[in-house]
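The values are calculated or read from the model by the stated rules, or taken from the named source; none is laboratory data. As the structure is a prediction and not an experimental result, all values here were calculated from the model. Note that we place each Cβ from the backbone using ideal geometry, even for glycine, and neighbour counts take in every protein chain shown. Accessible surface areas use protein heavy atoms only, side chains included; no ligands, DNA or RNA. Shrake-Rupley method; radii C 1.70, N 1.55, O 1.52, S 1.80 Å.
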Amino acid sequence: MRPIRPFSAVVVLACLGIGCAAFAQEVTPRPAAPAPPSTPAPQTPNTDPTYQALRNIALSGEVASVSNLVLKRDAGTFTFKVGTFHFLAAVNGKVTGAVFLGEGSFSLTPPIEMERNSLALLTKGQPFSEDFSQLVLRFTDGTDSEIKKAAGASPGGGGGGAASALQEIQDALRGRLAYNLHGRILQDVLSPEPGKLFVAFIRGKKYSGKMIYFIDPFGVPDMGSPETGPPIFGTAPEEVALITWDDDNWGVWAAFHFSPEYAAGKASGKQKNAPFDIESQKLDALLEKSGRLRGDATTTIVSQVNGLRVVPFDLFRKLRVESVTGQDGQLLVFIQEAHHQDPQFFVVLPKPLAAGERFTLRTIYEGKDAVTNEGGGNYFPVARHNWYPNSTFGDYATYELTFRVPKGMQTAGTGTMVREYVEGNQSISEWRSEVPQAVAGFNFGLFKRKQAKLDKEAYSVETYANQIQPDWVRSIQNIGALPAQGTDRIEQYIPPTGTMSTITLMDKALAEGQLSVQLFNHYFGAAPYKHVAITQQTACSFGQAWPALVYLPLCSFLDSTTRHSLFGTLPPELVTYFKVVTAHEVAHQWWGHTVGWGGYRDQWMSEGFAHMSASLFLQLIQKNDKEFIQFWNDLRKQLTDRNAEGYRSIDAAPVTLGIRAIKRKMGTNVYRDLVYPKGAYILHMLRMLMWTPQKGDQAFQAMMQDFVRTYANQPATTEDFKAVVEKHMPPEIDITQNRRMDWFFNQYVYGTALPHYQFSHSLTQGADGNPVLSFKITQSNVDANFQMLVPVYLELSSGRITRLGTMPMIGNSTRDAQVPLGGMKDKPKRALLNYYNDVLCTQENVK
């Protein structure tokens, strides 16, 4: 869904006739909608006096000298050997920070083994300890009282070094980090409840001169932006993180829940640590020809904490808020700094809310660059999850949507279309969510639309393609000459052969969508949405999916001849991409939307399960075993090839590290090269473990359908999925005889195991004249506890492949067997190990 993917090619598929009656659909004029309520006059942001005091905070002049002071904050320990704390001025009677100058150290021992191992990979096996001579602290947890009690406090000098250290962090928050920490602190300062925020900006000497130890009971936030540098992804709902933000060394080094939660068994990706929940959204969006967006959002929230006074929303940085009003029409103070600084959007409520209390507010906003005009009636939605005031992705809510686009254009939205009509110079469409949704979105343009009904499923599939090519395509067609690479000499340029029109392949996308829906309904059960719109987007290199809405890359609508003219011969794994991109994105209707993910550690299920679903499309719809096997070969290669930084993604992290795998030190492609292929392999291996010649995929299908039913329209965690697997596991894969799948999950989900197999065999004639298979399997490159059921296949003289059985393997070991093959009419030709890539491994055959 989220990461950009590479170019690839596509095989043109004809509609195969299963529910495939496609037809154009006309736009029918309807009665005009009631006029929207009047818009309040624009307000001035950032006027709250407490916020201004925090924003312009300075040193108070109060200092405390310390010697061997130890501060413990969860799993982190600060030792201040000798030095001086310079406190910040109090705001509303609360001290929210201090600057330390002197000599100190910070050590961290995460409470869970996975995080200790991840940190050790970055420290080359050493315990994490960092020395510092300068530290800037921001807090609302009473840290100042603890320091003063231990050391005493007294008036100090000017603190010039402390002032410059504070200013350095203030500038970084408005620049490289692009995070409004003062808005976050305001949440605690204005709340009647005690705060628990603790943030340490460490100028380290060993690993990084720019480290942050962040503790936030609401979850560690995202920082950075495309304008200021690579983003550092937050770890919510986890509350503790160690972050580096040097330009050449950035990423999350460790993250976890509060340590006592692990001891109490309460640590979970399903924790609702956000201070509020969005219950419903009513959104009205006007989209101009330029792409400029004007929004009117009515949002109902439910407080999750006592004392909620400041509400933080996620809104695209270039969308500027004009006004915010409360449920009785009163103007509300809001905070939104310049888009190129720390632009987070906060609303200050008239009074604190109690836990469970509702509040409805209306936000008027507008701006450019949330949607870009790509030319020819093509538009690209840039702000896909935060084009409206939103919370965290996956905060399921009900939606009412109205889109107003230039007359003659069409909109595809999430949910179900209630009506569409023309009013003046606008084409208007209204949409409603059928069930609570994780997110709402749209695509619009000068679209041609086709629709097909799937009668048995009471489901419709639509495809949208633009009637005119975007500017980048037309520029290629119109160029007559290009400079030769590396010279000023002009060479004649031959425009691409084949058609650049995307309309001609609408039927292909429609057919792939239909077949994917039918296949996934059969395997996973019905998704709650009654339709899916498959739309063209101008990006050539990636797809994405929202509830009932798919964004397909424009190049998937081009024929293979044209793509070859544009990009030349593509590698096989990229050729496969366009063969499965539609199926992958349609599969997200089940994985990511019907079943959400609890936190970033669980997102592997969304991307991995969608990718595995795409393999089913290759095997069962295209009925191409060769391409199915190549698909898994390509994914294994993606996992085991070393990147430019020298890391293999299979070694870099467990799949549950999720987007945190993105670190400058390990390479920015690690996440893409880990979560997609390994997440897919995990589900594929479970499928193959559960498959039997007698019942095929029945057990696997029952398991996946149970998972969908149980977690429909809500987030699920890795542990939730593991529990469903254990509920449905057949006896033959219970190799530890305890009705648990710990053996599998510890190795492949929470671990980085990659076994290696050697396989040798011979076919001889037995005493009864029938063939006998003798084989030997050696398992290596694993620890002593590693266990696997390794499949052995036979290729018969007819070319048919059949599974002979599985060999249990434990640790680094060798096992052999002799198997009589009497009674087979189709004689065996040879034996094969792991033919369908049943096990993620490396292997070789030995003659």
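From Ser259, Ser323, Ser303, which residue is over 24 Å from Asp216 (Cβ atoms) and of a type in the set (S, T, N, Q)? Please lay out each step first, then the result.
On the way: Ser259 fails: over 24 Å from Asp216 (Cβ atoms); Ser303 fails: over 24 Å from Asp216 (Cβ atoms).
Sole residue among the options that is over 24 Å from Asp216 (Cβ atoms) and of a type in the set (S, T, N, Q): Ser323.
Given the structure, is Asp188 crowded, with 22+ Cβ neighbours inside 10 Å, acidic (Asp, Glu) and either closer than 29 Å to Gly83 by Cα or modelled with pLDDT under 95 (or both)?
Here the answer is yes, as Asp188 does meet what is asked.
Tell me the residue from Ala397, Ala438, Ala452, Ala465 that is crowded, with 22+ Cβ neighbours inside 10 Å, among the small types (Gly, Ala, Ser) and within 28 Å of Val324 (Cβ to Cβ), please.
Every option except Ala438 fails the conditions.
For the stretch 181-198, enumerate the residues that are over 14 Å from Thr50 (Cα atoms) and in contact with a helix residue (DSSP H, G or I) (Cβ under 7 Å, 6 or more places away or on another chain).
Gly195, Leu197, Phe198, listed by residue number.
Among the residues of the stretch 25-56, what is the count of those that are at pLDDT 95 or above and small (Gly, Ala, Ser)?
1
Could you check the stretch 371-393 and list, in sequence order, the residues that are open to solvent by less than 20 Å² (accessible area, probe 1.4 Å), in contact with a Gly (Cβ under 8 Å, 6 or more places away or on another chain) and in a loop (DSSP other than H, G, I, E, B)?
Correct list: Gly377, Arg384, Trp387, Tyr388.
What are the pairs, 6+ residues apart or on separate chains, where a residue within the stretch 436-448 that is under 14 Å from Ile534 (Cβ atoms) has its Cβ under 6 Å from a residue that is in a loop (DSSP other than H, G, I, E, B) and open to solvent by less than 10 Å² (accessible area, probe 1.4 Å)?
Between residues of the stretch 436-448 that are under 14 Å from Ile534 (Cβ atoms) and residues that are in a loop (DSSP other than H, G, I, E, B) and open to solvent by less than 10 Å² (accessible area, probe 1.4 Å), the close pairs are Gly441/Thr414.
In the stretch 71-108, which residues are touching a Lys or Arg at 6+ places or on another chain (Cβ under 7 Å) and part of a loop (DSSP other than H, G, I, E, B)?
Matches in the stretch 71-108: Thr96 only.
Pairs, please: C-beta under 7 Å, at least 6 apart or cross-chain, first residue outside any strand (DSSP E or B) and in the stretch 750-766, second of a type in the set (Phe, Trp, Tyr)?
Pairs found: Ala753/Phe786; Pro755/Phe786.
What are the residue pairs meeting all of these: first residue in the stretch 37-53, first residue under 29 Å from Asp284 (Cβ atoms), second residue of a type in the set (Asp, Glu) and not in a loop (DSSP other than H, G, I, E, B), Cβ atoms under 9 Å, and 6 or more apart or on different chains?
Filtered contacts from the stretch 37-53: Pro37/Asp296; Thr39/Asp296; Thr39/Glu322; Pro40/Glu322; Ala41/Glu322; Pro42/Glu322; Gln43/Glu322.
Tell me, yes or no, whether the stretch 770-790 has at least one residue that is more than 44 Å from the chain's Cα centre (by Cα), open to solvent by 50 Å² or more (accessible area, probe 1.4 Å) and at pLDDT below 95.
No, the stretch 770-790 contains no residue that is more than 44 Å from the chain's Cα centre (by Cα), open to solvent by 50 Å² or more (accessible area, probe 1.4 Å) and at pLDDT below 95.
Starting from the stretch 512-528, keep only residues that are outside any helix (DSSP H, G or I), then list their pairs with residues that are of a type in the set (Gly, Ala, Ser) whose Cβ atoms are within a distance under 7 Å, requiring at least 6 positions of separation or different chains.
Cβ pairs passing all conditions: Pro528/Ala712.
What are the residue pairs meeting all of these: first residue in the stretch 686-706, first residue in a helix (DSSP H, G or I), second residue of a type in the set (Lys, Arg) and open to solvent by less than 20 Å² (accessible area, probe 1.4 Å), Cβ atoms under 8 Å, and 6 or more apart or on different chains?
Phe700/Arg687
Filter the stretch 526-555 for residues that are over 22 Å from the mean Cα position of the chain (by Cα) and over 24 Å from Ala440 (Cβ atoms) and give the result.
Cys555
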